[in-house]
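Asks: One structure, pasted below without further comment.
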């Protein structure tokens, strides 16, 4: 019984640490493209003596950050989605077999 509790505890810890690392990665993946694009926009504004490049690059950085986060989250949940689809397929086959046996 203590072994089950220990396994459950370690798997819960692994799941929590996985979630925390995901949150940190999302924050970093969102901030880095925005920061880099703001820097590039600011430097282009200084070099070209304009005032709008920083805004354009800000939107580009936001778009890049959102795309990066989307791709990361999709990969993160891909295994869970596969497992869920397998379970749904199993239950669908189980219900179909039950219905076939009912008719007999």
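None of the figures in this text is laboratory data; all of them are computed from the coordinates on show. Worth saying up front: this structure is predicted, and the values here are computed from it rather than measured. Because the Cβ atoms are built from the backbone with ideal geometry, glycine has one as well, and the counts that use them run over all protein chains shown.
Asks: Given just the C-alpha atoms of the chain, how large is their convex hull per residue in cubic angstrom?
Replies: Working: hull volume 12.4 nm³, N = 104.
For the chain, the hull spanned by Cα atoms encloses 119 Å³ per residue.
Asks: Another question about this same structure. Residue 23 label point, 7 Å along Cα→Cβ, cut-off 12 Å on backbone N: hits in segment 61-104?
Replies: none
Asks: Do you know the relative contact order of the chain, to the nearest whole percent, from alpha carbon pairs under 8 angstrom that are 6+ apart? Don't jump to the answer; show the numbers that get you there.
Replies: Details: 53 pairs, mean separation 23.3, N = 104.
So the answer I get is 22 percent.
Asks: How long are the semi-axes of the equivalent ellipsoid of segment 19-65, taking √(5λ) for every eigenvalue λ of the Cα gyration tensor, in whole Å from largest down? It would help to have the intermediate numbers written out before the result.
Replies: Values: eigenvalues 146, 14, 4 Å².
Its equivalent ellipsoid spans semi-axes of 27, 8, 5 Å.
Asks: Between residue 94 and residue 14, take the C-beta separation as r, use R0 = 41 Å, and let me know the FRET efficiency to the nearest 0.05.
Replies: Computed FRET efficiency for residue 94 and residue 14 comes out at 0.85.
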